[in-house]
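Below: the structure, in structure tokens.
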Amino acid sequence: MRSGLRTRDTGEVNTSAARIGLLLDVDGPVASPVSRSVRPSIIRNLVTLANAGWPVIFNTGRSDAFIREQVMQPMMAAGLPEGVLLHAVCEKGAVWFSFDGAGPQQSQVDPELKVPGDYAEAIRDLVAAKYSGTMFFDETKLAMVSVEQHVEVDNADYLTDQRRFDADALEQMSLAGMGGRRLEHSIPDASGAVAFRIDPTIISTDIEAMGVGKDLGARRALSLLEADGTPVPQMWRTVGDSRTDYAMADELHALGYDVAHVDVRPADGVPVRPYPVLTAGSLIHDDAGAAFFERWVAMAAGEAADDAVVV
């Protein structure tokens, strides 16, 4: 395994290699949306990039427990050193923690972004009563409420049930006096406010406060780097598999950073943006993610000039 910015011949730091910040969605580009696990080559390359001094921040709707199990622990087993700090912004900005080779720091939760507990109980009961054959209630979430497709269930069957579940979840919001939205359909609360939304993905539905999102995650990422004294790079790569993931790059671009977004599921349509959008040809999901991580390892080692074309 290459050791980041060190060259093969002399072991000296390659000072000409770019230092790039990575802001990574997890489901899709890092973890397989089928197996929900991370392939060893991606883990090894993430360790190499972190060792090379590239800031690596996960910006995900996943829980802190998922990141600890599927990302942190494999990275520690792959040799992530103590003192090489990575950050995880979870539940779309509502929860966050940092970790290195010695393990995780305490997770933090924004109390203003928590879904009410009574509503969470109602959704747990709804899943048990009507939808347990295709989905499960995610008990690891600390702020949002999520349900997810069983791994062994066919995705088409899950998506059929998901539409019915989402409608039921919106009705439960109305019954609880909560203003809610799903896509373009809104049900305001008694004051006319819409404080929560139902956000479906290809394998799950997240029920969350309107204030969360990948743009909030990007701001949290910058704050975490500043808080631990890590110089914030001017150049960034954001990576995701859905249209909402573009909000990471949108936010960084608006703040004046040099950013390009990697779309690992471009078949959904690539929107027009004022920054570059990169793809991996016919590769999608973690196949595409793996190709970019491999390319970035070569860039960190000074063996590749750019990532405009993944080879």
If Asp250 passes every condition in (1) under 16 Å from Ile57 (Cα atoms); (2) part of a helix (DSSP H, G or I); (3) of a type outside the set (Gly, Ala, Ser) but one, which one does it miss?
-> (1)
If you go through region 236-244 one residue at a time, do you hit one that is modelled with pLDDT under 95 and not in a loop (DSSP other than H, G, I, E, B)?
-> yes
Which residues, counting only those in region 27-43, are closer than 11 Å to Val71 by Cβ and either polar (S, T, N, Q) or in the same structural domain as Ile202 (by TED's automatic domain parsing) (or both)?
-> Ser37
Checked Glu152, Glu91, Glu148, Glu139 against criteria (out of contact with any Leu (no Cβ under 8 Å at 6 or more places or on another chain) and surrounded by 12 or more Cβ atoms within 10 Å (Cβ to Cβ)); the one match is Glu148
Report, by residue number, each residue of region 207-223 that is part of a helix (DSSP H, G or I) and not acidic (Asp, Glu).
-> Lys214, Leu216, Gly217, Ala218, Arg219, Arg220, Ala221, Leu222, Ser223
Output the residue which, of all residues in region 176-196 that are in contact (Cβ under 8 Å) with a residue 24 or more places away in the chain and over 25 Å from the mean Cα position of the chain (by Cα), is surrounded by the fewest Cβ atoms within 10 Å (Cβ to Cβ).
-> Ala176
Per-region count, region 139-160, residues in contact with a helix residue (DSSP H, G or I) (Cβ under 6 Å, 6 or more places away or on another chain), part of a loop (DSSP other than H, G, I, E, B) and of a type in the set (A, V, I, L, M, F, W, C) | 2
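Filter region 224-235 for residues that are charged (D, E, K, R) and in a loop (DSSP other than H, G, I, E, B) and give the result.
Asp228
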Given the structure, is Ala227 over 23 Å from Ile284 (Cα atoms), crowded, with 22+ Cβ neighbours inside 10 Å and either hydrophobic (A, V, I, L, M, F, W, C) or within 11 Å of the chain's Cα centre (by Cα) (or both)?
-> no
State yes or no: is Asp250 in the same structural domain as Arg39 (by TED's automatic domain parsing), crowded, with 22+ Cβ neighbours inside 10 Å and under 19 Å from the mean Cα position of the chain (by Cα)?
-> no
Does Ala290 satisfy the criteria of being closer than 30 Å to Leu170 by Cβ, out of contact with any strand residue (DSSP E or B) (no Cβ under 9 Å at 6 or more places or on another chain), outside any loop (DSSP other than H, G, I, E, B) and touching a residue at least 12 places away in the same chain (Cβ under 8 Å)?
-> no
Thr201 versus (1) modelled with pLDDT under 95; (2) on the phi > 0 side of the Ramachandran plot; (3) within 14 Å of the chain's Cα centre (by Cα): which is the lone unmet condition?
-> (2)
Which fully enclosed helices (runs of 4 or more DSSP H) of region 29-138 have 2 or more residues being free of Cβ contacts under 8 Å to residues at least 24 places away in the same chain and under 30 Å from Met178 (Cβ atoms)?
-> 117-126
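The values are calculated or read from the model by the stated rules, or taken from the named source; none is laboratory data. The model shown is predicted, which means the values in this text are computed figures rather than measured ones. Don't worry about glycine lacking a Cβ; one is built from the backbone with ideal geometry, like all the others, and counts go over all protein chains shown.
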